[in-house]
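The values are calculated or read from the model by the stated rules, or taken from the named source; none is laboratory data. Since we're looking at a predicted model, the values are computed, not measured. Cβ atoms come from the backbone with ideal geometry, glycine included; neighbour counts cover every protein chain shown.
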Amino acid sequence: MIYSFKILQRYQLSKVILVVLLLIVLVVGAVPGYITGKWSWKNTPRITNFKDLRQIREEGLTISDLPTISHQKIRIADHNWLLQKVKQDNQSVILLLLTPNGPKDKPQVEWMDINGFNRWKTDSHQRVKFTVKIAGNGNGTTDSEKQSSNIEARFFRGWTNQQTYAVMQWYAWPGGGSPETGDWFWKDRSAMISKKRVPWVAVNILLPVEPLADIDPYLPQVKSIGEKIQASLMKEAFK
């Protein structure tokens, strides 16, 4: 009983320390602006590469080794998405990409919007991780001259009466990506302390598979597509 109580005390202490650290981060970023009259939450820094993000939505994303078959803007919920079809091994793969349209846009309920748009059932949910490295501004390709992104994504099976898909989803940003809106939120708030913002793109990969097929064998293929998309975003949108 005493041992359990000590564990509970340590757990509560850890939670208190975490909350205090988060408050310090917020206060350090907010107090200077408050004192000078330039309230940082009111005068939010702007994402500087809106032009590049809009160009992706208008013209599609150029992806190495994945030729574009077609691309168009479609309306999903209250947002204009890019629907792009690419070719891999004589197979058509569907990409759905959403870029922010203004400084107030942030990741919110994109995955729910996609579910509603496709009207599919889902199962076999899991999390997958992969790392993308591309050459930096230098001419070499050593580790110190590479840009790196560590990605965590959702991977699941989605199906309707007509088609089954192996699906991968994540919010991409410079240096990483995650399917959780909260992960982007804290990255963005941390950047705001330095008067910067974190651009993002919601990424959906839909790989058609056999009706109700096991999707695990398709994971390497979908992950490969995801790596190429993240690399292209690092070059075109997050440069």
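Before moving on, here are some points about what is shown:
- Of the numbered criteria (1) over 19 Å from the mean Cα position of the chain (by Cα); (2) under 23 Å from residue 51 (Cα atoms); (3) not aliphatic (A, V, I, L, M), the one residue 176 fails is (1).
- Test for residue 56: is it surrounded by 14 or more Cβ atoms within 10 Å (Cβ to Cβ) and modelled with pLDDT of 90 or more: yes
- Residue within segment 133-143 that is modelled with pLDDT under 95, closer than 20 Å to residue 97 by Cβ and β-branched (Val, Ile, Thr) present: yes
- Among the candidates 114, 69, 76, the residue that is in contact with a helix residue (DSSP H, G or I) (Cβ under 6 Å, 6 or more places away or on another chain) and modelled with pLDDT of 90 or more is uniquely 76.
- Test: residue in segment 67-79 that is within 15 Å of the chain's Cα centre (by Cα) and surrounded by 11 or more Cβ atoms within 10 Å (Cβ to Cβ): no
- In segment 182-239, of all residues being among the polar types (S, T, N, Q) and not in a helix (DSSP H, G or I), the one that is farthest from residue 99 (Cα to Cα) corresponds to 194.
- Across segment 49-77, the qualifying residues are those that are aliphatic (A, V, I, L, M) and in contact (Cβ under 8 Å) with a residue 24 or more places away in the chain, and the one among them that is farthest from residue 235 (Cα to Cα) is 77.
- In this structure, residue 169 does not satisfy being outside any loop (DSSP other than H, G, I, E, B) and surrounded by 22 or more Cβ atoms within 10 Å (Cβ to Cβ).
- Scanning segment 136-151 finds one or more residues that are of a type in the set (Lys, Arg) and within 27 Å of residue 68 (Cα to Cα).
- Looking across segment 148-204, the residues that are of a type in the set (Asp, Glu) and at pLDDT 95 or above come down to 152, 180, 183.
- Filtered residue count, segment 106-132, keeping only those that are outside any loop (DSSP other than H, G, I, E, B) and either outside the structural domain of residue 155 (by TED's automatic domain parsing) or polar (S, T, N, Q) (or both): 6
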